[in-house]
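Taking it in order: structure first as structure tokens, then the write-up.
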Amino acid sequence: MFDYTVMSKEEAEKARYSLLDKGTYEAALKVIEDRLSKNGDPQIILNVNVYDKNGNIHIIKEWLTFSKKMMWKVLHCMKACGLQDEYTSKKFQPLMLDNKVVKVSVGIQKGQPIPDHKLGDRPPGTFYPDQNCIDDYCVSVNHEPSKLNPIKSDPEFDSEIPF
């Protein structure tokens with residue numbers, strides 16, 4: 001039997017567009033792609049699996065661009081992941097970020113206007129919904145990268161249950 005939860009259109013949209021509050025959360029990084037940005041700078045595209053207080057995953061897409069203007073964020077990510085030595089010695093490879101567990105500062109990015117050619121059946125002046133974004137990567141107070149597993153840190157989570 002194929003088991004799933006029946007949802008109305010309203011319930012599905014609410015779940016899709018539910019936003020995390022601004023704040024600091026545990027997250028796991030998943031490398032999707034590395035490529036060159038539109039400006040020709042090295043770029044890593046990540047899915048950041050952010051865990052809310054109930055252990056639910058909220059996926060936030062992130063672009064780490066190795067440009068002069070965005071290097072501050074790359075450096076914070078490297079430090080949060082414990083990869084600053086690999087970065088400074090130029091031995092860093094994007095897949096080194098895969099499955100790293102870090103703390104992230106989550107913000108909310110206001111929705112932008114939908115271009116006329118993408119409106120479909122929506123009225124002119126319609127905006128994309130607001131979305132969460134990664135404002136920064138956090139390093140713990142003792143300057144050690146996060147070593148917590150966000151799922152197992154929840155005392156109600158039983159890791160012995162088979163899935």
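If the condition is being loosely packed, with under 13 Cβ neighbours inside 10 Å and either in a helix (DSSP H, G or I) or of a type in the set (Lys, Arg) (or both), then the stretch 82-119 contributes 85, 88, 90, 91, 95, 110, 116, 117, 118. Every test in (1) in a strand (DSSP E or B); (2) in contact with a His (Cβ under 6 Å, 6 or more places away or on another chain) is passed by residue 45 save one, and that test is (2). Every condition in (1) closer than 15 Å to residue 134 by Cα; (2) in contact with a Cys (Cβ under 7 Å, 6 or more places away or on another chain); (3) touching a residue at least 60 places away in the same chain (Cβ under 8 Å) holds for residue 64 except the one numbered (3). When each of 68, 30, 79 is tested for being more than 30 Å from residue 127 (Cβ to Cβ) and surrounded by fewer than 17 Cβ atoms within 10 Å (Cβ to Cβ), the lone residue that passes is 68. Suppose we keep only residues that are farther than 20 Å from residue 131 by Cβ and in contact (Cβ under 8 Å) with a residue 40 or more places away in the chain within the stretch 14-35. Which one would you say is farthest from the chain's Cα centre (by Cα)? Step by step, filter the stretch 14-35, then rank; the result is 34. Taking first residues from the stretch 47-61 that are farther than 17 Å from residue 100 by Cβ and at pLDDT below 95 and partners that are charged (D, E, K, R) and surrounded by fewer than 16 Cβ atoms within 10 Å (Cβ to Cβ), the Cβ contacts under 6 Å between residues at least 6 apart in sequence or on separate chains come to 55/154.
Restricting the stretch 63-74 to residues that are farther than 16 Å from residue 24 by Cα and of a type in the set (D, E, K, R), which is nearest to the chain's Cα centre (by Cα)?
Ranking the qualifying residues of the stretch 63-74, first place goes to 69.
Going by the structure shown, is residue 53 in a strand (DSSP E or B), of a type in the set (Lys, Arg) and within 18 Å of the chain's Cα centre (by Cα)?
No: the conditions fail for residue 53.
Checking the stated criteria, residue 9 turns out not to satisfy the condition of being within 19 Å of residue 106 (Cβ to Cβ) and of a type in the set (D, E, K, R).
Looking only at the stretch 1-42, which residues are of a type outside the set (Gly, Ala, Ser), outside any loop (DSSP other than H, G, I, E, B) and at pLDDT 95 or above? If the condition is that a residue be of a type outside the set (Gly, Ala, Ser), outside any loop (DSSP other than H, G, I, E, B) and at pLDDT 95 or above, then 24, 25, 26, 29, 30, 31, 32, 33, 34, 35, 36, 42 are the ones that fit. Here residue 44 passes the criteria (1) crowded, with 17+ Cβ neighbours inside 10 Å; (2) of a type in the set (Val, Ile, Thr); (3) more than 12 Å from residue 29 (Cα to Cα) except the one numbered (3).
Against the numbered list (1) out of contact with any Cys (no Cβ under 8 Å at 6 or more places or on another chain); (2) in contact (Cβ under 8 Å) with a residue 12 or more places away in the chain; (3) charged (D, E, K, R), residue 11 comes up short only at (2).
On the given criteria, is residue 74 closer than 19 Å to residue 20 by Cβ, surrounded by 11 or more Cβ atoms within 10 Å (Cβ to Cβ) and out of contact with any Lys or Arg (no Cβ under 9 Å at 6 or more places or on another chain)?
Taking the combined requirement at face value, the residue does not satisfy it.
The values are calculated or read from the model by the stated rules, or taken from the named source; none is laboratory data. This is a predicted model, so every value here is computed, not measured. No Cβ is skipped: glycine too gets one built from the backbone with ideal geometry, and neighbour counts run over all protein chains shown.
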